[in-house]
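Worksheet: one structure, shown below.
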Amino acid sequence: MKTVNHWIGGKTVEGTSGNYGPVTDPATGAVTTQVALASLEEVDAAVAAAKDAYATWGTSSLATRTAVLFRYRALLDARRDDIAALITAEHGKVHSDALGEVARGLEIVELACGITTQLKGELSTQVSSRVDVSSIRQSLGVVAGITPFNFPAMVPMWMFPLAIACGNTFVLKPSEKDPSAANLLAELAAEAGLPDGVLNVLHGDKVAVDGLLNHPDVAAVSFVGSTPIARYIHTTASANGKRVQALGGAKNHMLVLPDADLDAAADAAVSAAYGSAGERCMAISAVVAVGAIGDELVARIKERAEKIKIGPGNDPASEMGPLITAVHRDKVASYVTGAAAQGADVVLDGTGYTVEGFEDGHWIGLSLLDHVSTDSDAYKDEIFGPVLCVLRAETYEEGVALMNASPFGNGTAIFTRDGGAARRFQLEIEAGMVGVNVPIPVPVGYHSFGGWKDSLFGDHHIYGNDGVHFYTRGKVVTTRWPDPADAPAGVDLGFPRNH
């Protein structure tokens, strides 16, 4: 059986803890790989390698860093199919979704290639007689990233390229459910010329996570995952004096007004709710239909959802793959089976779905729940699967109030032809990312990604300007130099003595 080991100090390092986790092919249910789970001693080794590398990388020139990143970007582009294939094999998402994930990660590598402009400081001259004040940004040291299973390449690339471009060194703890893509990313970075120890990949479970959160040589921690874990990461790391950005869960809403293009809204709802099997924090999991359009909108969503082809991710005909594990599949299914008892109309029930020839895979079909109550579990919880809830509101104001009452504030969208309504919505809605006739408003790389309320713990969003600020700290320098003409007698610097 294949074993995924750590990548520490520029090379593969076999696990020594004796503990391994299973990695499953979601399409077949078979365990295909085992991944080494780090001990605290291995956490120390990864952090020590990063600390040693920081001694030189932290003082390297911007030209040196960007040269490596440009070569890295080229290698990632050339190997994007290989990265996507690893994602499909261990996560289960279809190849086109996996390629899209790699492309969005590449955006941040490209942003990091332009770090020279992002790190420019400020200067004020003559704030007082012969006194200048400048502001500069400097790296932090060793920083860590803890990333989720649903985007095993993209989310790491949202973190470490910017971190190392800013002069930090990095320890990545990816999900143990689909670890191979992270190792390939590190190997390609080494091939691009990244010095040993600048990027390390440490596989593990809670032991590794707690080891990083408590390690005195880790200056900052980035995290993407569920809200309970994000809160724990933020509380623990902050108590240890670390800078933290912890992105949590979501319950993203899409408000559909009576004047909306219902075909466009239905297309958007299907792609945003069921793409990547709903296993993404930016999935639309709740549609709020305003006025009398609800029945027609639900009918159009149902018509489209029934045509989605579900199958193995490496089958070009598949439009949606399996869920990551059987346990997660069963949990998602429980929300659908319990929805009717809590007052919802089950328009589509995907809980009994299987794929011929792959009966042991982690399959679930598309589920559509209508007339969902805000008190129901299917609405309150982040399901993280292909389940779409439809709620009804009589007015725009009622719909916005319903959405703002949610404890989550990650992403949201409005579908309307009315510019005035869209303008009000973007100002009144309590969420960090807003789409106007765009169902999944993930910002491009040079803007920052992050939510509000229980969707973010910490002060910085991820990537963009916030990402650069998170991985650096500001310093202000006030300088006064005497005029050369005032040099001590007997010292001739060639300057005239008369002013």
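The values are calculated or read from the model by the stated rules, or taken from the named source; none is laboratory data. Just so it is clear, the structure is predicted and the values come from calculations on it, not from any experiment. When we count neighbours, we look across all protein chains shown, and the Cβ atoms used for this are built from the backbone with ideal geometry, even at glycine. Accessible surface areas use protein heavy atoms only, side chains included; no ligands, DNA or RNA. Shrake-Rupley method; radii C 1.70, N 1.55, O 1.52, S 1.80 Å.
Taking only region 1-40 into account, find how many residues are farther than 30 Å from Gly311 by Cα, outside any loop (DSSP other than H, G, I, E, B) and open to solvent by less than 30 Å² (accessible area, probe 1.4 Å).
Number satisfying all stated conditions: 3.
Could you please let me know if Val143 is open to solvent by 30 Å² or more (accessible area, probe 1.4 Å), of a type outside the set (Asp, Glu), part of a strand (DSSP E or B) and touching a residue at least 40 places away in the same chain (Cβ under 8 Å)?
In short, no.
Check region 92-114 and report whether any residue there is part of a helix (DSSP H, G or I), hydroxyl-bearing (Ser, Thr, Tyr), more than 30 Å from Asn19 (Cα to Cα) and under 22 Å from the mean Cα position of the chain (by Cα).
Yes: one or more hits.
Looking for something out of contact with any Leu (no Cβ under 9 Å at 6 or more places or on another chain), of a type outside the set (Ser, Thr, Tyr) and open to solvent by less than 50 Å² (accessible area, probe 1.4 Å) - is there at least one such residue anywhere in region 162-175?
No - not one qualifying residue is present in region 162-175.
Out of the residues in region 41-51 that are in contact (Cβ under 8 Å) with a residue 60 or more places away in the chain and among the charged types (D, E, K, R), state the one that is least open to solvent (accessible area, probe 1.4 Å).
Among residues in region 41-51 that are in contact (Cβ under 8 Å) with a residue 60 or more places away in the chain and among the charged types (D, E, K, R), the one least open to solvent (accessible area, probe 1.4 Å) is Glu42.
Evaluate region 291-307: report whether one residue or more is assigned to a loop (DSSP other than H, G, I, E, B), closer than 26 Å to Tyr54 by Cβ and out of contact with any helix residue (DSSP H, G or I) (no Cβ under 9 Å at 6 or more places or on another chain).
no
When you scan region 70-86, do you find a residue that is outside any helix (DSSP H, G or I) and open to solvent by 10 Å² or more (accessible area, probe 1.4 Å), even just one?
For region 70-86, residues outside any helix (DSSP H, G or I) and open to solvent by 10 Å² or more (accessible area, probe 1.4 Å): present.
Name every residue in region 336-354 that is open to solvent by less than 30 Å² (accessible area, probe 1.4 Å) and not in a loop (DSSP other than H, G, I, E, B), in order of residue number.
Val336, Leu348
Is one or more of the residues making up region 128-146 of a type in the set (Ser, Thr, Tyr) and closer than 23 Å to Leu75 by Cβ?
So far as region 128-146 goes, no, none of its residues is of a type in the set (Ser, Thr, Tyr) and closer than 23 Å to Leu75 by Cβ.
Taking only region 408-425 into account, find how many residues are loosely packed, with under 15 Cβ neighbours inside 10 Å and either of a type in the set (Ser, Thr, Tyr) or without any contact (Cβ under 8 Å) to a residue 60 or more places away in the chain (or both).
Residues meeting the conditions: 3.
In the list Thr117, Thr56, which residue meets the criterion of being open to solvent by 30 Å² or more (accessible area, probe 1.4 Å), in contact with a Pro (Cβ under 8 Å, 6 or more places away or on another chain) and not in a strand (DSSP E or B)?
Just a single option satisfies the conditions, and that option is Thr56.
Does region 366-375 contain any residue that is in contact (Cβ under 8 Å) with a residue 60 or more places away in the chain and out of contact with any helix residue (DSSP H, G or I) (no Cβ under 7 Å at 6 or more places or on another chain)?
Scanning region 366-375, I find no residue that is in contact (Cβ under 8 Å) with a residue 60 or more places away in the chain and out of contact with any helix residue (DSSP H, G or I) (no Cβ under 7 Å at 6 or more places or on another chain), so the answer is no.
Can Ser60 be described as among the small types (Gly, Ala, Ser), under 20 Å from Lys177 (Cβ atoms) and out of contact with any Leu (no Cβ under 8 Å at 6 or more places or on another chain)?
no
Restricting to region 355-395, what's the tally of residues that are touching an Asp or Glu at 6+ places or on another chain (Cβ under 6 Å), in a loop (DSSP other than H, G, I, E, B) and either farther than 23 Å from Arg300 by Cα or open to solvent by less than 50 Å² (accessible area, probe 1.4 Å) (or both)?
Counting residues in region 355-395 that are touching an Asp or Glu at 6+ places or on another chain (Cβ under 6 Å), in a loop (DSSP other than H, G, I, E, B) and either farther than 23 Å from Arg300 by Cα or open to solvent by less than 50 Å² (accessible area, probe 1.4 Å) (or both) gives 1.
From the list Asn214, Asn150, which residue is closer than 26 Å to Asp454 by Cα, in contact (Cβ under 8 Å) with a residue 40 or more places away in the chain and out of contact with any strand residue (DSSP E or B) (no Cβ under 7 Å at 6 or more places or on another chain)?
Asn150
Across region 158-181, which residue is farthest from Asp52 (Cα to Cα) among those that are touching a Lys or Arg at 6+ places or on another chain (Cβ under 9 Å) and among the small types (Gly, Ala, Ser)?
Ser180
Would you pick out the residues in region 87-101 that are among the aliphatic types (A, V, I, L, M) and crowded, with 24+ Cβ neighbours inside 10 Å?
Selection gives Ile87, Val94, Ala98.
Determine which member of the set Val207, Val198 is β-branched (Val, Ile, Thr) and open to solvent by less than 10 Å² (accessible area, probe 1.4 Å).
Unique residue meeting the criteria: Val198.
Among what's in region 291-311 and is among the aliphatic types (A, V, I, L, M) and more than 31 Å from the chain's Cα centre (by Cα), pick the residue that is surrounded by the fewest Cβ atoms within 10 Å (Cβ to Cβ).
Step by step, filter region 291-311, then rank; the result is Ala292.
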